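The values are calculated or read from the model by the stated rules, or taken from the named source; none is laboratory data. In this text the structure is predicted, and so the values were computed from the model without any measurement. So basically every Cβ, Gly included, is an ideal-geometry build from the backbone, and we count neighbours across all protein chains shown.
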There are 2 protein chains.
Amino acid sequence: MTTKNATIKDVAREAKVSVASVSRVLNGTGGVTPQTQKVVREVAARLHYVPDSAARSLITGRTHTIGAVLPDLYGEFFSELIRGIDLAARARGLHLLVSSSHDGVDDAAAAVRAMRGRVDGMLIFSEYVDAAFLDANLPAALPAVLLNSAVKSARYPVLTIDNRGGASAMVQHLIESGRKRVAFIAGSKTNFDAQQRDKGYRAAMAKFAPDLPLNIVPGDFSEESGYRAGVELLAQKKRPDAVFAANDMMAVGCLMAFKQAGVQVPQEIALAGFDDILIARYVSPSLSTVQVRIADLGRAALERLAALLDPDANTPAPAQTLGCDIVVRETSGGSTGAASTRRPRRPPK
Amino acid sequence: MTTKNATIKDVAREAKVSVASVSRVLNGTGGVTPQTQKVVREVAARLHYVPDSAARSLITGRTHTIGAVLPDLYGEFFSELIRGIDLAARARGLHLLVSSSHDGVDDAAAAVRAMRGRVDGMLIFSEYVDAAFLDANLPAALPAVLLNSAVKSARYPVLTIDNRGGASAMVQHLIESGRKRVAFIAGSKTNFDAQQRDKGYRAAMAKFAPDLPLNIVPGDFSEESGYRAGVELLAQKKRPDAVFAANDMMAVGCLMAFKQAGVQVPQEIALAGFDDILIARYVSPSLSTVQVRIADLGRAALERLAALLDPDANTPAPAQTLGCDIVVRETSGGSTGAASTRRPRRPPK
DNA sequence: AATCGCCATGAAAACGTTTACGTTCCGCGC
DNA sequence: GCGCGGAACGTAAACGTTTTCATGGCGATT
């Protein structure tokens, strides 16, 4: 074994054929005698020949790599998302170039631009993207799929979680289990998910409890903001008998506030969150929540992109909106200690 | 804007210079008149010229990309690790090609081989790697850094968490706070971290409680195995007054067993885990544990690799072993409800 | 028996860079 | 006034593939 890697020429020389034949054999393009194929394969294996991907990319214009631009996501979400993407990518023989943790438009723009020419397509998950951003930073010809974005673009497919339906279903569940005064702890104003969940709450209230007033207190997805919201809710003249937080961390914070005030959950006030993070199962009482299958979102996004990459392959385009499941645990359950129930929901349309 | 991307030739033509000059200007190699530079830069900007990375890689032999091969890691760990790596990589202008979620030697081998030629160096985190694996799958010339591996290799640097020291310090803490009979719930036999934590337990017991017997029950890092271990420990004739689990999930499972049996924590039995996962803070009583700074591990690994990549740059090689901190919470604390205390520890050597 | 056409194969161009080497030009020292 | 050196710049080779096109051989059809 020398220090230099074997090239296609070395293989051709050893196998006493031309480089063209070697290329044909290794790529499965037809037109080569079985016995020639055999010889070439043997020599290639003997020399540990691996095609140089740079040279190949140079001429084919394809990198077999897709880029994922992600924000500095919350841990569990992030890892599940990458996991789903990676799994689907590997199944298709695609490589995954990631760039995570940016806050700020410029940061995100730099990340997108840096991937130019290195990837065949992109998965973009960022609250900073809009139509202008994409026009400015994406090469016109580069396929891309947007995740959880408010952008409505004809050029780029957008995949979202059914935040609205999930939130709506949770409110419905709370009302149907006898709660009347359902309050909502909102998430960050600028966050797309937060906005959708807010809409879901409003829609469900309008539909299932049209004569009851809305009760929305602000939050920012942090545990602290949930705690503050809990305190605020307890101070209200007519306390709610159910609280729905726009994410689990706020629900946990709210729960702490209730515990500290000696308020019984779920006897006096029911509580529910959104995301089904791992903690939800372990706080006591355990937290009812809306489960989002994040890995599925990643997988679906990659498959959508793959469909864009080669339109020939009749890859069916997966659904644009991913459903959420309601997970009923102790904080909204009838009987404490009951096993959690999951209620599958299908996305609309 | 045409459909085709501008090449260096286009820039050269427009700027009325040769491609060589364009290359020189854009790469900062000297030998070009300031005014020529100005013209070239202007034209390049106007045409939105971006050098083709494939062509560049082909001739320079460098990709400015590093590959990370990771196992199907536990969520929080995984995301923190990638985050650390990504941050450090971006600071150095390196791209990050990830391949996660594999179980099995063949799977890992395929992942490593698939990156051949696409990366300048590799970060490998897999319990399947050993010297033979590396010889078989890694090109001889490719720099690589191993994470949390038992491999002792002269060719590849290995970075580890100070599992042993962390475990030892936790046992010391338990003993110093008055516990006598400290039991240990072990992790998977084949796992490197588990082995090291086991050694730490034994070492600390030998040092701080030499006349007390060891008490080790098996586990496999899962919550269920922690629960079973808890039940087993309660059934012992002489119950331990402290239990140290090799990771947090098992500690949580054990805590559930204790709660269910009506055993008071920490009054009757103290409890501690390892990892400081998010849940540790939220179970009640909150869990004392050993915190590992995973993002730092990722960062250090990348910096080590970067140092290998260009030995000229006097990048100081970071420490081989990353320290852990002891986090004292309620399950091992004196007073319930006290704020958590963190005790920084420096790694040995 | 001659021609046609197909099939396996080879030669060479092309992809977009970097870089070694040549060339030109200018200023300076003799 | 001549040569010399160095700076600025251009030419062309090289990187390792894929792919188009040409070529030769051979069997089948007339």
- Within the stretch B:40-73, the residues that are under 18 Å from residue B:95 (Cβ atoms) and hydrophobic (A, V, I, L, M, F, W, C) are B:50, B:54, B:55, B:58, B:66, B:68, B:69, B:70
- Message: For residue A:246, only one of the following conditions fails: (1) free of Cβ contacts under 8 Å to residues at least 24 places away in the same chain; (2) under 22 Å from residue A:162 (Cα atoms). What is its number?
- Response: (1)
- Is the stretch B:49-62 home to any residue that is out of contact with any Ser or Thr (no Cβ under 6 Å at 6 or more places or on another chain), more than 14 Å from every other protein chain (Cβ to nearest Cβ) and either within 10 Å of DNA strand C (Cβ to nearest atom) or not acidic (Asp, Glu) (or both)? no
- Has the stretch A:241-249 got at least one residue that is out of contact with any Pro (no Cβ under 7 Å at 6 or more places or on another chain) and within 30 Å of residue A:309 (Cβ to Cβ)? no
- Message: I'm checking my understanding of the structure. Among residues of the stretch B:228-275 that are among the polar types (S, T, N, Q) and under 20 Å from residue B:328 (Cβ atoms), which one is nearest to the chain's Cα centre (by Cα)?
- Response: B:247
- Residue that is nearest to DNA strand C (Cβ to nearest atom), among those in the stretch A:1-17 that are β-branched (Val, Ile, Thr) and over 14 Å from residue A:56 (Cβ atoms): A:17
- Would you check if there is a residue in the stretch A:1-17 being farther than 30 Å from residue A:147 by Cα, within 9 Å of another protein chain (Cβ to nearest Cβ), crowded, with 17+ Cβ neighbours inside 10 Å and within 16 Å of DNA strand D (Cβ to nearest atom)? yes
- Query: Among the residues of the stretch A:37-52, is there at least one that is more than 24 Å from residue A:124 (Cβ to Cβ), of a type in the set (S, T, N, Q) and out of contact with any strand residue (DSSP E or B) (no Cβ under 6 Å at 6 or more places or on another chain)?
  - Reply: yes
- Say we look at the stretch A:18-28 and pick out the residues that are in a helix (DSSP H, G or I) and more than 12 Å from DNA strand C (Cβ to nearest atom); which of these is nearest to the other protein chains (Cβ to nearest Cβ)? A:26
- How about the stretch A:19-28: which of its residues are touching a helix residue (DSSP H, G or I) at 6+ places or on another chain (Cβ under 8 Å) and closer than 28 Å to residue B:141 by Cα? A:19, A:22, A:23, A:25, A:26
- Do you know which of the residues in the stretch A:1-34 that are modelled with pLDDT of 90 or more and among the polar types (S, T, N, Q) is nearest to residue B:117 (Cα to Cα)? A:7
- So which residues in the stretch A:240-285 are among the aromatic types (Phe, Trp, Tyr), touching a strand residue (DSSP E or B) at 6+ places or on another chain (Cβ under 8 Å) and more than 16 Å from residue A:216 (Cβ to Cβ), if there are any at all? A:258
- Quick check: anything in the stretch A:51-65 among the hydroxyl-bearing types (Ser, Thr, Tyr) and in contact with an Asp or Glu (Cβ under 7 Å, 6 or more places away or on another chain)? yes
- Message: Quick test of your reading of the structure: residue A:80 fulfils all but one of (1) within 12 Å of DNA strand C (Cβ to nearest atom); (2) buried (at least 17 other Cβ atoms within 10 Å of the Cβ); (3) at the interface with another protein chain (Cβ under 9 Å from one of its Cβ atoms); (4) not aliphatic (A, V, I, L, M). Name the failing condition by number.
- Response: (1)
- Query: Got a number for residues in the stretch B:100-116 being within 7 Å of chain A (Cβ to nearest Cβ), in contact with an Asp or Glu (Cβ under 8 Å, 6 or more places away or on another chain) and at negative phi?
  - Reply: 1
- Among the residues of the stretch B:153-202, which ones are basic (Lys, Arg), farther than 15 Å from residue B:240 by Cβ and surrounded by fewer than 24 Cβ atoms within 10 Å (Cβ to Cβ)? B:155, B:189, B:199, B:202
- Message: If a residue must be within 11 Å of DNA strand C (Cβ to nearest atom) and either of a type in the set (Gly, Ala, Ser) or within 44 Å of the chain's Cα centre (by Cα) (or both), how many such residues does the stretch B:29-47 contain?
- Response: 4
